[in-house]
Amino acid sequence: MPIYEFECRECKDVQELAFKVSDCPEESICYRCGCRSKKILSKTAIQCDSESDVKWLKSAEQVIRPAHEKPWESRKDYNECLKRNNLCPAG
C-alpha cells in the first residue's frame, strides 16, 4: 500500500498516511490540530527508499523486526521481513 504525505493547511504539519491507490483522497484531517490537510507530492511515493527518506521505517522496525534479523536499511528490507514472518496484509 503506497504512503502519501498530507500537509496541514493551518499548522503545516506533514503526516504520512497509507491508502490504496484507488482510495487515496485529495484531503485528510490533521491529527495535530484537526484542520484540513492537502495531499502533497511525496518523496517516498517517487523512488526514495532509504531509512532517512522513509520516516516511519525505524519506528516500524522497532515493532515488527524480530531481534535475530539484521537491521533494515530500506523499504525492501521491510517488505521482505513482512513476507518472511507472514505479516503481509491481505490484498
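The values are calculated or read from the model by the stated rules, or taken from the named source; none is laboratory data. Values in this document were obtained by computation on a predicted structure and should not be read as measured data. So basically every Cβ, Gly included, is an ideal-geometry build from the backbone, and we count neighbours across all protein chains shown.
Of the residues in the stretch 39-47, at least one is surrounded by 13 or more Cβ atoms within 10 Å (Cβ to Cβ), modelled with pLDDT under 85 and in a loop (DSSP other than H, G, I, E, B). Considering 26, 5, the condition of being acidic (Asp, Glu), exposed (fewer than 11 other Cβ atoms within 10 Å of the Cβ) and modelled with pLDDT under 95 is satisfied by 26 alone.
The residues of the stretch 57-91 that are modelled with pLDDT under 80, closer than 13 Å to residue 2 by Cα and surrounded by 12 or more Cβ atoms within 10 Å (Cβ to Cβ) amount to a single one, 75.
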